[in-house]
Amino acid sequence: MGLTPGQSDVEETVDIIRVAGENPTMFQVSSAIGFVAAALLVPGIWTVATTLRPRTPWLASVGGWMMATGYIMFCVLGIESLINLAVAQGGDPVSFATAIDEHTSPVMFAVYFVFGLGALGGGLILGIAMLRQRDAVPAWAGWAMIVSEPVRVIGLLTGLSVVGPPLASVLIAVGFAGVLLRRSDALA
């Protein structure tokens, strides 16, 4: 059961549109926060991957590329929420839901797949890269990174999207801080 009012009754696409129309502020705010998060997260991923690259070049490069690509695709979720809201506020929800259910492009499925695989796999690989740098990066940073993406996915799959993704973001920030603060100590 999700934390969005009415989400527990969602069984079909038209129900998602209904919930968006009943909670317009929540959908707008969550989409805006998601866009800001992606705008900050992707450069952060590149910075951390670049910092890790000298000692774990393959892991840092692949993990950084996968995770950054996944979070670029994440923006689709926010856009989809805003489209659902727009349809709820002035469109034909039944016709729109039917079109989505019967005519969704394979490209859309691919975007969701890249988001899931990239964010989850890339985060795990970057976490492993952190753990492999024992003398330069604290282990807690790597473990925070490794745990972050399963926490996000579990939150999304269980409908606890108000808990899972924000907690995952905090864990990512902790992991990034462990890399970047330790790196700044080494440079001092």
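I'd like the accessible area for residue 176: 1.4 Å probe, protein heavy atoms, all chains in place, Å² to the nearest 10.
The accessible area comes out at roughly 20 Å².
Compute, for the chain, the length of the dipole vector about the Cα centre, with Cβ point charges of +1 (Lys, Arg) and -1 (Asp, Glu) only. Units Debye, rounded to 20.
That gives the chain a dipole magnitude of about 1240 debye.
For the chain, give the percent of accessible area contributed by carbon and sulfur heavy atoms, probe 1.4 Å, rounded to a whole number.
Ligands and nucleic acids excluded, carbon and sulfur give 70 percent.
Which residue, 43, 32, 178, has the largest displacement toward the positive end of the dipole of the chain when charges sit on each Cβ (Lys, Arg +1; Asp, Glu -1)?
My answer, from the dipole projection, is 178.
For the chain, state the average projected area of the convex hull of the C-alpha atoms over all orientations, rounded to one decimal in nm².
Dividing the Cα hull surface by four gives the mean projection, 10.7 nm².
Give me a comma-separated list of calculated 3J(HN,Hα) values for the range 60-76, in order, Karplus coefficients 6.51, -1.76, 1.60 applied at θ = phi - 60°, integers in Hz, x for any Gly or Pro.
Ordered by residue, 3J(HN,Hα) equals 5, 5, 5, x, x, 5, 4, 5, 5, 4, x, 6, 5, 5, 4, 4, 4 Hz.
Please turn the phi angles of the range 90-103 into ³J(HN,Hα) values with the Karplus equation 6.51 cos²θ - 1.76 cosθ + 1.60 (θ = phi - 60°), one per residue in order, whole Hz, x for glycine and proline.
Couplings: x, x, 10, x, 5, 5, 5, 4, 5, 4, 5, 5, 9, 9 Hz.
How high is the relative contact order of the range 13-186, in percent, with contacts defined as C-alpha pairs under 8 Å that are six or more residues apart?
With pairs under 8 Å counted, the relative contact order is 24 percent.
The values are calculated or read from the model by the stated rules, or taken from the named source; none is laboratory data. As the structure is a computational prediction, the values presented were derived from the model and not from experiment. Virtual Cβ from ideal backbone geometry, glycine too; neighbours counted across all protein chains shown. What goes into the accessible areas is simple: the full protein's heavy atoms, side chains included, and nothing from ligands, DNA or RNA. Shrake-Rupley method; radii C 1.70, N 1.55, O 1.52, S 1.80 Å.
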